[in-house]
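Notes follow once the structure below has been shown.
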Amino acid sequence: MKDFSGKRVLVTGGSRGIGRAISEAFAREGARVAICYKTDEAAAQNTLSSLPGGRHVAIQADIAQPKSARSLVEKAVGELGHLDIVVNNAGIGMIHRIDEVSFEEWEYAWDEILAVNLLGPANVTYFAVQHMIERGGGRIVNVSSRGAFRGEPDKPAYGASKAGLNAMSQSLAQRLARFNIFVGVVAPGFVQTDLSAPLLTGPEGDEIRRQSPLGRVARPEEVATAVLFLCAEGTEYMTGAIIDVNGASYLRS
């Protein structure tokens, strides 16, 4: 992996699962990391204590709130000195089958999911970009999902939010290249995390693992590897790329 010594990195949803793996990977490569968490301070502090190199920070923020997204970026810049890389990893999902839920439940799911998965990254990116333009460049990586391509019949707002995140990323890749700011996307399938564990150990677990010819789901570290790759020097011409990390469980043409 490339050396990230001296780089300053903000990771939303950085205290658990994929976000923790991303935070740890950057720290191992010499970066200073700001972990954004929403409510679980204990998990954030636990992750913070696991990061090598020291001088990392945890920042509480609800990225679904525009003022909080702005404050997050300002605090990260204040604590770290500047920002080179932003990873928009925080995301949520909830079941809301259109033929089963009330309109109130339907509306709630769309409002909540879009606020966290799409508007939150959009606002964090906006404030980070203003700083990066002044700095002369930077990297933004958004964590999407294979659901953006294959569809999510049980969670349509989730699929739509990730498809929107892909489109936003590619639009910004075109706009921001002139400022030496490069934007990429990593789109995982199922990943072995605490949140997915109940599903993977339940009746559907074997079927989920069989979706990939590897016979398993991704490890968080495999997603982190793709994120660091997009942030490494020499990948600038990949701006706008979407990297699938789904074990060939879904192949798009």
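No lab work stands behind these numbers, since they all come straight from the coordinates. Keep in mind that this is a model prediction, so the values were computed, not measured. Neighbour counts run over all protein chains shown; Cβ positions are idealised from the backbone, glycine included.
Quick rundown of the values:
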item: Taking GLU236, GLU112 and counting other C-beta atoms within 10 Å, the order from fewest to most; result: GLU236, GLU112
item: Percent RCO, i.e. relative contact order, over region 181-226, from Cα pairs under 8 Å lying at least 6 residues apart; result: 45 percent
item: Packing-based order for 239-248, 135-144, 199-208, using average beta carbon neighbours within 10 Å, highest first; result: 135-144, 239-248, 199-208
item: Cross-link pairs beyond the 30 Å C-alpha cut-off, checked among LYS2/LYS75; LYS2/LYS155; LYS7/LYS162; LYS7/LYS38; result: LYS2/LYS155
item: Ellipticity estimate at 222 nm from DSSP helix runs (n ≥ 4, -39,500 (n - 2.57)) divided over the chain, nearest 500; result: -13500 deg cm²/dmol
item: Whole-Hz couplings from phi, Karplus 6.51/-1.76/1.60, listed for region 43-54; x for Gly and Pro; result: 5, 5, 5, 4, 5, 4, 5, 8, 7, x, x, x
item: Amide H partners (placed H, <5 Å) of VAL245, local residues excluded; result: ALA187, GLY189
item: Neighbour-count ranking [beta-carbon atoms within 10 angstrom, fewest first] of SER23, SER50; result: SER50, SER23
item: Under Karplus coefficients 6.51, -1.76 and 1.60, residue-wise ³J(HN,Hα) of region 173-181 in Hz, glycine/proline x; result: 4, 5, 6, 8, 4, 5, 9, 6, 10
item: Region 137-156 residues near the modelled ASP3 label - backbone nitrogen below 19 Å, point 7 Å along Cα→Cβ; result: none
item: Neighbourhood charge, 14 Å Cβ-Cβ cut-off, centred on ALA122 and excluding it, Lys, Arg +1 and Asp, Glu -1; result: +3
item: Hydrodynamic radius (Kirkwood) for the chain, which is based on Cα pairs only, to one decimal in Å; result: 18.3 Å
item: Loop sites in region 1-80: trypsin sites (Lys or Arg not before Pro), DSSP, at most 10 other Cβ within 10 Å; result: ARG55
item: Zone residues, region 107-127, relative to GLN60, backbone N less than 20 Å from point 7 Å out along Cα-to-Cβ; result: 116
item: ALA167/SER102 FRET efficiency (R0 35 Å; Cβ-Cβ; nearest 0.05); result: 0.75
